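Taking it in order: structure first as structure tokens, then the write-up.
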């Protein structure tokens, strides 16, 4: 199993290109199931979750072509299966995004209940509630969700009980081919939702309001193939912003979308960092003294839960005390025990973490528990005295493209090693 070794204490200086957003690619790939033809998707990152999604599409009968660049051609002309098996779905929660497209186009779908990172309960009850409101019949048995709409879906009113990104995406895709108008309320506002709606509209869908909490969709008889380029990954952007801050470095992040990281930028400015922002580029200059700040995670445009672990790592070295409140996932403090092994002073009470800043962290052997926890431990290793070894780094491969190579290019002493 691979490990990552880091020799810390080196300011990172240089330029890092930001990859396409994993959380935008996955729904756009599954949206290709809605049309009988070839869609071309560019700026796709090379990640394990992308490969898993391609395998899943091929199970359905799709053809996926990739010419070793960042462009994929997906042809869903001939679907031969409507079942997503457990062996693929168990590693990636986004597999549930196939439900809406499959039932909309074929009138049926059977998908194993999804897995993913062990950061807490992430049920798909809101997805099923929305599909039922569009006339689908739902059966749960033997770990699978079976959905049928023998006469097709019919537009209706969908009001989510809580904000759900993948739920909004799933119902939005399903409603594109439903008869009549669908109104979805309490929608997620994330940029990835808006990017999906733009792609669907290129395919001939009639969607209005994406990026707001109410989306209107007028169903159409069919969709046609289209092309799109994936938006930059805002969580990767935020992670490298913290890398500059925690190492007192000077990094320019190219290809970044400044508007998508406003909350992260504001937080880092409060910590004392200097930001120079231009279209498609963010320069962040870290300071020797890091100021503490409080953080509360919330749905977009609030502070993203996917950046909580990274910011907590920065706060371990800040002057004073910070309080970080996690409001999205109940098990998202699993990185705390590993940070303590490196000398961090963190106290947990319910969904809040009180972080007392220390003068320095020490290198240690630590273990990653999930994708973003992996990133937080890498960041800690960049700032430590001594050598840090992070194990179970396969989590990183799900969400960060070429992380080791990108960090080495800006001066980090970091390497990936294989062990028996």
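Throughout, read-outs are computed from the coordinates displayed, never taken from laboratory work. Bear in mind that the values here come from a model prediction, so they are computed numbers and not experimental data. Here the Cβ is made from the backbone with ideal geometry for all residues, glycine too, and neighbour counts use every protein chain on show.
Against the chain, whose longest principal axis is taken from its Cα atoms, helix 165-175 shows a tilt of about 20°.
Among 391-402, 13-24, the peptide with the highest mean count of other Cβ atoms within 10 Å heads the list, and the full ranking is 13-24, 391-402. Taking label positions 7 Å along the Cα-Cβ direction at both residue 325 and residue 81, the computed distance is 4.7 nm, reported to one decimal.
What FRET efficiency, computed as 1/(1 + (r/R0)^6) with R0 = 30 Å and r the Cβ-Cβ distance, is obtained for residue 275 and residue 387, rounded to the nearest 0.05?
Working: r = 31 Å, r/R0 = 1.03.
Working from the Cβ atoms, E equals 0.45.
Entry note, the chain: the mean residue ellipticity at 222 nm calculated from DSSP H runs of n ≥ 4, each adding -39500 (n - 2.57), is -8500 deg cm²/dmol after division by the residues and rounding to the nearest 500. Expressed to the nearest 5 percent, the antiparallel share of DSSP beta bridges inside the chain is 70 percent. From most to least packed by mean Cβ count within 10 Å, the peptides 173-186, 196-209 give 173-186, 196-209.
If you average 1/r over every pair of different alpha-carbon atoms in the chain and take one over that average, what Kirkwood value in Å do you get? Before the final figure, lay out each step's value.
Values: mean 1/r = 0.0455 Å⁻¹.
With all distinct Cα pairs of the chain included, I get 22.0 Å.
Here the peptides 287-293, 355-361, 413-419 are ranked by packing, the mean other Cβ count within 10 Å, and the order with the highest first is 355-361, 287-293, 413-419. Summarising the overall dimensions of the range 25-229 from its C-alpha atoms, the Rg and Dmax are 15.3, 43 angstrom.
When Rg and Dmax are taken over the Cα atoms of the range 22-79, they come to 10.1, 26 Å.
Beta bridges from DSSP with both residues in the range 25-229: antiparallel share about 70 percent, rounded to the nearest 5.
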